[in-house]
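Beneath this line is the structure, given in structure tokens, with notes to follow.
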Amino acid sequence: MAKSFLTLPESLMNIDNDPPSNRSLLIYSSQIEDGKKMEEVFSKPGRKIQTTNSISTAKKILERSDCTMLIVAVSGKDCDGIKLLEWTNDTILGIKKVGVAMTESPDIYNKVYKLGADHCFYFDSLVVDRLTIAIEKCHKEDQRWFQRNSNAFQGCSRRINIESNSNSTLLLSGPQGVGKSAIARVIHDSSPRRSGPFVVAECAHYLSATESMDIFRGKETGVKHPLYRNQQGLLAQANGGTLYIHEVCMLPLHVQEVLATVIQRGVFTPQNLTKEIKFTGRIILSTKVNLAEKVRDGDFSEALFHCIHSNVVIVPPLSDCQDDIIPLAECFIKQICAESGIKSPRLTKGAINKLTNHIWTGNVRELFSTISRACYEFRGETLGKDDIVLNEIPKNRESHTRHYRVQRALRQTKGNKAQAAMLLGINRSTLYAWIKAEGIPKDYR
Ligand SMILES: Nc1ncnc2c1ncn2[C@@H]1O[C@H](COP(=O)(O)OP(=O)(O)OP(=O)(O)O)[C@@H](O)[C@H]1O
């Protein structure tokens, strides 16, 4: 299993790597409503969750030791969560612990970390999204990479093969949910470094600039804090393997400068040390924003940009890869049903049409969640169009996306309609209909 400072996903991954009968997660919150909300966020097919608002029940469940992870609501007013963490520290060994702070307070974070929690999050809507993403990412670890064959993905597949045998720093660029993290993992797993660690830096999760720096460079000595476990930073941990830096533009500028030095000179200096250490890992970074624009706006280090912009793999949005949608959906159905021990349903023609015609702004991630939900709720031999519940995007945004895609395809093919239709994965008459509906000039190129 990959070693990572991002302990929440790692912890969740560990849960999912346990034998199914042992996969169990205990949620404790003194407030029933909060407990229910957390249960919604963490539930998934095949995962056993117990939620309680009673500290004595929580202790009994923990003592039976059939739990691999404890998620505790902690807040300023209510100290029971903190008390439970204190108790587990003295009594229960080998359990992953996550604090979910119901009020945002550095004091609470510190307390929770000091009590040996692997991670602490503030439970607002943003974090709920992040948690959901983190859970998906863990889930992904169980998933096999599905080889995509659409025309639009061919370039990307070729680059994945080439990059697996290279050591140069690589930037994966593409919108949310297209599979950048999955690709980074595939490249690592097929590289000569595969027996080394795959370390993930989730830049969006770091609480402060100082914390980011500590996390990257590590500390020689310092407070006993789970984030600085072994006093080793991510760079040291990734030596001999791959350091995957997810959403690099979320790193503070001065950490970006440190990274630029690591990439150029292959060395780094841990905090509190003067001696340089050789970095022997490979760095893969990802971005969903245009980094050149960020440099222009002064929000991204120019030095780092120059180190990474020459080796970029652009991962296309799912809607540009129409031929991948159904094979990916079928692959997800098999994976999800196998995990829940149910027979895989077949997609009906209506479901296929619905999936193919949807604009997947959330890309593969959205497709995966849509299929998970359908499989979870379905009762029958086939998945029909009514079993597929799509996140409806407001009309104007959908139209805007289609407008943009058509224009882009026409620009890429210098106005050649046959090639543009092929690129979009639609036939020529549909392209003409889209051009008309979007009010794009016929000779647009
Ligand atoms: N080819 C594939 N085969 C199987 N699963 C895939 C594939 N591509 C993407 N996925 C799944 O889609 C989901 C989103 O992928 P991933 O997290 O890699 O996207 P991302 O581009 O890194 O997203 P973001 O930048 O928004 O975090 C994950 O659950 C991932 O496992």
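Annotations
- In this structure, Leu291 qualifies as within 16 Å of the ligand (Cβ to nearest atom) and either under 24 Å from the mean Cα position of the chain (by Cα) or at positive phi (or both).
- Listed by first and then second residue, the pairs with beta-carbon distance under 8 Å, at least 6 apart or on different chains, first residue in the stretch 317-328 and charged (D, E, K, R), second within 10 Å of the ligand (Cβ to nearest atom) and open to solvent by less than 20 Å² (accessible area, probe 1.4 Å), are Asp324/Arg148; Asp324/Phe153; Asp324/Leu318.
- Qualifying residues in the stretch 332-359 (those that are within 16 Å of the ligand (Cβ to nearest atom) and either of a type in the set (S, T, N, Q) or not assigned by TED's automatic domain parsing to the domain that holds Arg373 (or both)) - the one modelled with the lowest pLDDT: Gln335
- Residues of the stretch 367-377 that are more than 9 Å from the ligand (Cβ to nearest atom) and open to solvent by less than 20 Å² (accessible area, probe 1.4 Å): Thr370, Ile371, Ala374, Cys375.
- Among the residues making up the stretch 183-197, those that are over 15 Å from Thr287 (Cα atoms), open to solvent by less than 10 Å² (accessible area, probe 1.4 Å) and within 13 Å of the ligand (Cβ to nearest atom) are Ile187, His188.
- In the stretch 151-161, the residues that are farther than 29 Å from Ala260 by Cα and either at pLDDT below 90 or within 11 Å of the ligand (Cβ to nearest atom) (or both): Asn151, Ala152, Phe153
- Lone unmet requirement of (1) of a type outside the set (Gly, Ala, Ser); (2) surrounded by fewer than 19 Cβ atoms within 10 Å (Cβ to Cβ); (3) at pLDDT 85 or above for Ile92: (3)
- The set of residues in the stretch 383-392 being among the acidic types (Asp, Glu) and not in a loop (DSSP other than H, G, I, E, B) consists of Asp386, Asp387.
- The stretch 26-75, residues that are surrounded by fewer than 18 Cβ atoms within 10 Å (Cβ to Cβ), in contact (Cβ under 8 Å) with a residue 12 or more places away in the chain and among the hydroxyl-bearing types (Ser, Thr, Tyr): Ser65
- Residue count for the stretch 162-182, restricted to those that are more than 10 Å from the ligand (Cβ to nearest atom) and either open to solvent by less than 20 Å² (accessible area, probe 1.4 Å) or under 24 Å from Phe368 (Cα atoms) (or both): 4
The values are calculated or read from the model by the stated rules, or taken from the named source; none is laboratory data. No experiment lies behind these values; they were computed from the predicted model shown. So basically every Cβ, Gly included, is an ideal-geometry build from the backbone, and we count neighbours across all protein chains shown. Only protein heavy atoms, including side chains, enter the accessible area calculation; ligands, DNA and RNA are left aside. Shrake-Rupley method; radii C 1.70, N 1.55, O 1.52, S 1.80 Å.
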